[in-house]
1. Kindly list the number of the only condition in (1) touching a residue at least 12 places away in the same chain (Cβ under 8 Å); (2) small (Gly, Ala, Ser); (3) away from every other protein chain (no Cβ under 14 Å) that fails for B:Ser400.
2. When the stretch B:187-206 is examined, which residues are found to be at the interface with chain A (Cβ under 10 Å from one of its Cβ atoms) and closer than 22 Å to A:Ile343 by Cβ?
3. Give the residue that is farthest from the other protein chains (Cβ to nearest Cβ), with candidates limited to residues of the stretch B:65-104 that are among the acidic types (Asp, Glu) and crowded, with 24+ Cβ neighbours inside 10 Å.
4. Taking the stretch A:117-130 as the region of interest, how many residues are closer than 24 Å to A:Asn450 by Cβ and open to solvent by 10 Å² or more (accessible area, probe 1.4 Å)?
5. Which pairs turn up if I take residues in the stretch B:1-22 that are open to solvent by 30 Å² or more (accessible area, probe 1.4 Å) and look for partners that are part of a helix (DSSP H, G or I) with beta carbon separation below 6 Å, at least 6 apart in sequence or on another chain?
6. Output the number of residues of the stretch B:233-254 satisfying the condition of being open to solvent by 10 Å² or more (accessible area, probe 1.4 Å) and within 14 Å of chain A (Cβ to nearest Cβ).
7. Yes or no: the stretch B:307-320 includes at least one residue that is among the aromatic types (Phe, Trp, Tyr) and in contact with a helix residue (DSSP H, G or I) (Cβ under 7 Å, 6 or more places away or on another chain).
8. Of these, B:Ala230, B:Ala223, B:Ala216, B:Ala257, which one is of a type in the set (Gly, Ala, Ser) and surrounded by fewer than 18 Cβ atoms within 10 Å (Cβ to Cβ)?
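The values are calculated or read from the model by the stated rules, or taken from the named source; none is laboratory data. Note that the structure is a prediction, hence the values are computed from the model and not measured. Reconstructed Cβ throughout: ideal geometry from the backbone, glycine too, with neighbour counts over all protein chains shown. Note: accessible area is taken over every heavy atom of the protein model, side chains too, but ligands, DNA and RNA are not part of it. Shrake-Rupley method; radii C 1.70, N 1.55, O 1.52, S 1.80 Å.
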2 protein chains.
Amino acid sequence: MSIQSAIAALQPLFGDRLSTGDSVRDQYGRNEAWYPVTPPDAVIWPETTEEVATIAQTCNEHGCPIVAWGAGTSLEGHIVPVQGGITLSFDRMNKVLDVHQEDMDAVVQPGVTRRQLNEDLRATGLFFPIDPGADASIGGMAATRASGTCAVRYGTMRESVLALEVVMADGRIIRTGSRARKSSNGYDLTKLFVGSEGTLGIITEVTVRLHGQPEAMSAAICAFDDIEGAVNTVIQTIQMSIPVARIELVDPTSIRAMNAYSKYEMKEGPHLFVEFHGTEAGVAEQAEIVGEICAENGGADFEWASKAEDRNRLWRARHDFYYAIKAMCPGRTGYNTDSCVPISRLADCVMESMEDAQRSGLVTTMVGHAGDGNFHMGYMVDPDNPAEIDEAKRLGERLSERTIAMGGTVSGEHGIGIGKRKFMAEEHGEDAWALMGQIKQTFDPNGILNPGKVVPGN
Amino acid sequence: MSIQSAIAALQPLFGDRLSTGDSVRDQYGRNEAWYPVTPPDAVIWPETTEEVATIAQTCNEHGCPIVAWGAGTSLEGHIVPVQGGITLSFDRMNKVLDVHQEDMDAVVQPGVTRRQLNEDLRATGLFFPIDPGADASIGGMAATRASGTCAVRYGTMRESVLALEVVMADGRIIRTGSRARKSSNGYDLTKLFVGSEGTLGIITEVTVRLHGQPEAMSAAICAFDDIEGAVNTVIQTIQMSIPVARIELVDPTSIRAMNAYSKYEMKEGPHLFVEFHGTEAGVAEQAEIVGEICAENGGADFEWASKAEDRNRLWRARHDFYYAIKAMCPGRTGYNTDSCVPISRLADCVMESMEDAQRSGLVTTMVGHAGDGNFHMGYMVDPDNPAEIDEAKRLGERLSERTIAMGGTVSGEHGIGIGKRKFMAEEHGEDAWALMGQIKQTFDPNGILNPGKVVPGN
């Protein structure tokens, strides 16, 4: 009954699709956050749901932890095997299984990435709008309830996942939800697995909603004198129910990094990046109204990117922001926060948090999916300097407390992983967090599924 | 340890807010479906969350069932106390506690009805769009994951509930979710309670999303030669991503009933009722496109209701449909179905089901929130005629099997209650349904919360 006995039992079944080699383990022990390299004891590349079920059943019998791994882009250490065990890489379960064009949905394996799905959809007139910065896997995005720049219009993975196939801890394979657009048929197991970060089951198939490619799109950037004017523009736009497709807040430091990395020449001030989707007339009308709101709040230089290549370049720069900031601060890693507050508190929360960060002396960035009330501060720390990490942690803790006090959540879209577990009791209350622990215990009594994450206990 | 000992323990605490009188029990033993009157042993009217917690704790100790009761409008017998016990009426917990105008949300007690909330919101420029036919309570709507005619645009209670306060079976009070628009912070307890039909906890406070009252609205009815033309119009409208606010399918029998009950003179053929929300220009553009689609599919007489009073009258007639059909068939009760299929299968499912019903000889109606792929057949039965009830059951069972075979759900918005439990294993699979049972066991180990509903077992 051990990790090694589980590996020994699985080795003959998977051959060279099971590796215990140091370089592979090291690769799967890395993470995009600031956690030290923590290699698993083995990595397996399953090719079918049945193989995943066999792995789960074997690991359950041997008490061996399993960590599901999509594209490794998580920012909260979800994929760090803190108790060792087997990392399950979905590299080979990366097929788009079905696109139902009339019903506007797609069925994919968990290793399919968001860009891969959109490539596949190109000829259909449909697209998948959920876009975290990195080219994340759809299985991982479902598991972390990811979102991105388009959530203000199209929702998050919470709204996008219609149905799942899940392997339970004991190897049973279940299906949740259906391709029907709504349902009041029993407990919403789909929504329970979405965001459970691999702790309740292993997602082996995802059915996602798609949307029609809009007839017309238009994007613009607008510079502001101060952050407050930009935030107030966002608030007024949302309150007027303008169906803006994207409305992103970017601080001056981030603009500087993007200018360097993505070859832009934007003015080094706070910016909004906005995008409109709709009919030709609808897009023009939305743009006009938002343009007026910008001007009333001190926005200037409303620069349009109407051509597809200009728009793509703009959003590519926004999505590459994290790499841009790392390039600007060599050797440093972002300690990233993920607050989401009711929109009436957005200006207060952003302003207080930026002032707090400025006092620390750390290079700090702030970008936000401001239409959702969600923003990310990034404190750039030297991972080998404990004093800086401690300072970032203190800033992050104060931000989390401020966020909770304002009625928000400390995780808008990055999930809990390792980093946010310490705020769970404060945000949810001891009893509600304990209830999550009871659900975990019911689904995974031996605690083999991504242990050390989300719920109370080890 | 019994129902009577629980009532005896609670009597001194609630005085005349606890009733065991026959007429009260009879009133709370009735239901809007075709189930026989089944009175609870007592009815209590709590006024605070703490009182609900006391009731739960006492009932948990004594093994006494609790059924939460909002407005009693459920169509699947959710409120029928099949194992006796105490019915908890939320008549006195009916206050709108807070409206956050800037954040576009409201916090309400469970007994607030949807019309009451919208009255309260009238001056704010906001509205609550979820509209089941009856003037249901928001607590009940959350508990059954209700929707209505506007779901195609604004989603269902699944998308509308941001946060809850819930009393657990043992009397603990928890809060789930927050007023932030999105969150990836742990298991989605909110979505787990939404649709759990009072079997996992008792909802004592609901925070719902609101929407801006559109600048312009326009509604129309359109008669078609056949159902197929109407359904194809719906499918094409959705596939073109027209953001239609409502698109309702009504069959000729239902039109006849509405004409009589609501004093209309609509042609006795299949109809679509549509509504557009947006800016003046946007509404005009949507209406033009949908008008063209209608014409291509044999629709004629696109009659406009642009004035508010005409629109309200139209939707009132649609919402009163169930009363209209009961008035047309005195002494009969509707055996109602609630299929929701992927939209590509909607025409097939509707046509096959109508043909099947026509062979039965029962008066049958069909109305549908067709934009979601959701439609309701109503078989009008004499509740004292077992042969007719059996015939309706057979029709409903064949419809359910047809729906599941087409990848849909047997409950689009009415919930499971008593009536749909027999299809759960078929739709979800034995293992997934068993998992729902395990969740129930974890949350309510003594089985006091609305027993006999949703999950396997008694």
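1. Tallying (1) touching a residue at least 12 places away in the same chain (Cβ under 8 Å); (2) small (Gly, Ala, Ser); (3) away from every other protein chain (no Cβ under 14 Å), B:Ser400 fails exactly one: (3).
2. Within the stretch B:187-206, B:Asp188, B:Thr190, B:Lys191 qualify.
3. By that ranking, first place goes to B:Glu76.
4. 0
5. B:Met1/B:His62; B:Ser5/B:His62; B:Ala9/B:Thr58
6. Qualifying residue count, the stretch B:233-254: 8.
7. Within the stretch B:307-320 (the criterion being among the aromatic types (Phe, Trp, Tyr) and in contact with a helix residue (DSSP H, G or I) (Cβ under 7 Å, 6 or more places away or on another chain)), the answer is no, since none of the residues qualifies.
8. Selected residue: B:Ala216, the only one of B:Ala230, B:Ala223, B:Ala216, B:Ala257 that is of a type in the set (Gly, Ala, Ser) and surrounded by fewer than 18 Cβ atoms within 10 Å (Cβ to Cβ).
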